[in-house]
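J.: If you scroll down you'll find the structure; I have some questions about it.
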Amino acid sequence: MSTTWTDAVVVARYDATPRIAVFDLARADGDELWEYEPGAHIDVTVGTAELIRQYSLCGPPGIRKQYRLAVLDEPASRGGSRAMHALAEGDTLRIAAPRNRFRLTSARRHVLLAGGIGITPLLSMAQSLDATGGDYHLHYCARSRSEAAFLAELENHPRVTLYFDDQAPEQLLDLGRDLGEPASDTAVYVCGPGGFMDYALGRAAELGWPASALHKERFSASPPAAPQPGGGGEGGFTVRLSSTGAEYLVPEDQSVLDVLLANGVDAPNSCGQGICGECIVRVRAGEPDHRDDVLTDEERGEGLFTPCSSRSKSPILELEL
């Protein structure tokens, strides 16, 4: 599966906060961009090292002349945010067609939980629900007012509640109060830093919300779980391609994707962390050891697998490639 790319130009740039820059992008040739649904993200190639990074689209869906991104300057990042923050109006970059594994569902009501830069895909969802008359509430948590992006358009919105860490404790997000017990007609969407997401998803589960009602998108991979004795997944194993029967050894210090690419296999890939879904393939035989943050339990049960992050509990793992 190939990725479609185009050249884009930064037509506007401004600082939403001291650490968050907002970019409006248009096609360099003036044509329209691809359509997308709320929650979508794009791949961006930026910087002299041609880094490929993923950023959520936070503008209103349906406007195909421009895409809007908001990027946090993250000192601990792998270089993408620094390269993005170095861009100025008029600079060019490469962008790929949008992908989306964080869509709005058909639920009657939607609860959006955003932490920090996690507002980006949820803002697009809120804008779409406003346009269609959907029932929702957006809960937006930030360290302070000065670190909250898009504050001007959100603070007086009747379906938005803001929470700031440096203000009174009673106004902090309380999921027992603000999310409450499960409702069969309600879907919950969570995006933000790892700690925020772990808290929100864990607390929702404690309140009885089923995994099927909880939808998430992470910007970085979760820390790997401690290996369980006898659980497999450690050490080397063999990956087999169903199309040719070719077999390759996957050592402990390399991913399945690393080995496939090193052997010239045309395997789709993007983030390399198990969070974007671009590399997903189907397992034909063997027992996978799932270590991604993108597949649902149902998708794993259907045999889907992320070669960039997951491994095998069985000696041989056969993939539909």
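J.: When the Karplus curve 6.51 cos²θ - 1.76 cosθ + 1.60 is applied with θ = phi - 60°, which whole-Hz ³J(HN,Hα) does each residue of segment 90-101 get, with x for Gly and Pro?
T.: Listing the rounded values in order: x, 6, 10, 7, 9, 10, 9, 4, x, 10, 8, 10 Hz.
J.: Continuing with this model, one more query. Could you tell me the calculated FRET efficiency between Glu32 and Asp130, based on Cβ-Cβ distance and R0 = 30 angstrom, to the nearest 0.05?
T.: Approximately 0.85, to the nearest 0.05.
J.: DSSP beta bridges in the chain, what fraction antiparallel, as a percent rounded to 5?
T.: Counting DSSP beta bridges with both partners in the chain, the antiparallel share is about 60 percent.
J.: Given the protein chains as shown and a 1.4 Å probe, how many square angstrom of Glu206 are accessible, to the nearest 10?
T.: Only protein atoms counted, so the area is about 140 Å².
J.: Say R0 is 22 Å: what FRET efficiency, to the nearest 0.05, do Asn263 and Thr296 get from their beta-carbon distance? Can you show the working numbers first?
T.: Values: r = 30 Å, r/R0 = 1.36.
Result of the calculation: an efficiency of 0.15.
J.: Could you state how much accessible area His139 has, in square angstrom rounded to the nearest 10, with a 1.4 Å probe and all protein chains kept in place?
T.: 10
J.: Of the listed values (1) 33, 26, 18; (2) 30, 27, 18; (3) 29, 23, 20, grab the one calculated as semi-axes √(5λ) of the Cα gyration tensor in Å from the structure here.
T.: Among (1) 33, 26, 18; (2) 30, 27, 18; (3) 29, 23, 20, the one calculated here is (1).
J.: Is the C-alpha gyration tensor of segment 170-321 telling us rounded, prolate or oblate? Criteria: a/c under 1.5 is rounded; beyond that, a/b larger than b/c is prolate, otherwise oblate.
T.: prolate
J.: Now a separate question. Kindly identify segment 1-154 as rounded, prolate or oblate by the Cα gyration tensor criterion: order the square roots of the eigenvalues as a ≥ b ≥ c, call it rounded if a/c is under 1.5, otherwise compare a/b with b/c, prolate if a/b is larger, else oblate.
T.: It comes out oblate by the Cα gyration axes.
J.: I'd like to know which of Asn269, Leu87, Pro169 lies farthest towards the positive end of the charge dipole of the chain, counting +1 on Cβ of Lys and Arg and -1 on Cβ of Asp and Glu.
T.: Leu87
J.: Given 0.36 nm per residue, what is the gain on full extension from Lys313 to Arg143 after removing their alpha carbon distance, in nm?
T.: Additional length available on full extension: 57.1 nm.
J.: I've got another one for you. Given a Förster distance of 25 angstrom, what is the FRET efficiency for Glu181 paired with Arg103, based on the Cβ-Cβ distance and rounded to 0.05?
T.: Numbers: r = 25 Å, r/R0 = 0.99.
After rounding, the FRET efficiency stands at 0.50.
J.: Could you tell me how far the Cα centroid of segment 241-268 sits from the Cα centroid of segment 41-65, in Å?
T.: Computed from Cα coordinates, the inter-centre distance equals 28 Å.
J.: For segment 232-287, what class follows from the C-alpha gyration tensor (a ≥ b ≥ c being the square roots of its eigenvalues): rounded when a/c is under 1.5, otherwise prolate if a/b is larger than b/c, else oblate?
T.: The shape class here is rounded.
J.: In addition: Along the Cα→Cβ direction, 7 angstrom out, place labels at Asn156 and Glu252. What is the inter-label distance in nm?
T.: 6.1
J.: Additional query: Compare Pro60, Pro158, Pro182 in a GNM of the chain, Cα atoms joined below 10 Å, and give the one with the largest fluctuation.
T.: Pro158
J.: With a 1.4 Å probe and all protein chains kept in place, how much accessible area does Arg291 have, in Å² rounded to the nearest 10?
T.: Answer for Arg291: close to 90 Å² accessible.
J.: For the chain, what's the relative contact order in percent, using C-alpha pairs closer than 8 Å and at least 6 residues apart?
T.: 14
J.: Would you please name the trypsin sites (Lys or Arg not before Pro) within segment 1-72 that are DSSP coil residues with at most 13 other C-beta atoms within 10 Å of their C-beta?
T.: Lys65
J.: Give, in nm to one decimal, the length gained when the segment between Tyr14 and Asp174 is fully stretched (0.36 nm per residue of separation minus the Cα-Cα distance). Write out the running numbers ahead of the final one.
T.: Working: separation 160, 0.36 × 160 = 57.60 nm, distance 3.24 nm.
Value of the extension gain: 54.4 nm.
J.: Right, next: Calculate, for segment 74-172, the solvent-accessible area per residue in square angstrom, rolling a 1.4 angstrom probe over the heavy atoms of the protein chains.
T.: Working: 4520 Å² over 99 residues.
I get 46 Å² per residue for this part.
The values are calculated or read from the model by the stated rules, or taken from the named source; none is laboratory data. Small disclaimer: the values here were computed from a predicted structure and weren't measured. When we count neighbours, we look across all protein chains shown, and the Cβ atoms used for this are built from the backbone with ideal geometry, even at glycine. The protein model used for the area step is the full one, side chains on, heavy atoms only, and it has no ligands, DNA or RNA in it. Shrake-Rupley method; radii C 1.70, N 1.55, O 1.52, S 1.80 Å.
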